[in-house]
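To keep things clear, I will list the structure first and then write my remarks on it.
Just so it is clear, none of the values below were taken in a lab; they were calculated from the coordinates. Since we're looking at a predicted model, the values are computed, not measured. Note that each Cβ is placed from the backbone with ideal geometry, even for glycine, and that neighbours are counted across all protein chains shown.
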Amino acid sequence: MVCAPGDRIPGVWALLITFYNTAQRKGWFKIKAPFFTFTDRATGLKVGDPVNMMGFDVGRITEITANARPISSRIMFISNLN
């Protein structure tokens, strides 16, 4: 059976809406920017902890690494700017 060109439009729309909803749910449209900072001691911090800046929740810690010189820890987090 041959479909008319107009018969495919609802299927294409359904596919686009499904893709858009999946992308929204997974956060593909959110702006994510990596930031890092250095500190003398990272005691009490762990990966996944929230990061607050000036009273606003700006992201979560994604990585903590120890540096040999100077004695410091590098803390990286991804900021959700939306």
Inter-probe distance in nm under a simple model that places probes 7 Å from Cα toward Cβ, at LEU15 and VAL47: 3.8
Using a Förster radius of 41 Å, what is the FRET efficiency between THR62 and ARG8 based on their Cβ-Cβ separation? Nearest 0.05, please. 0.45
Which aspartates and glutamates, if any, have their Cα less than 18 Å from the Cα of LYS30, not counting same-chain residues under 8 positions apart? ASP57
Separation of the PHE36 and MET54 label points, Cα + 7 Å toward Cβ, nm: 2.5
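Just to confirm a number: summing +1 for Lys and Arg and -1 for Asp and Glu over residues other than ILE61 whose beta-carbon lies under 10 angstrom from that of ILE61, what do you get? List each step's numbers first, then the result.
Values: positive: LYS46, ARG60; negative: ASP49, GLU63.
Neighbourhood net charge equals 0.
Take peptides 20-30, 54-64 and line them up by average Cβ neighbours within 10 Å, highest first, as a rough protection proxy. Working shown, then result.
Details: 20-30: 10.5, 54-64: 12.7.
Ranked by mean Cβ neighbours within 10 Å, highest first: 54-64, 20-30.
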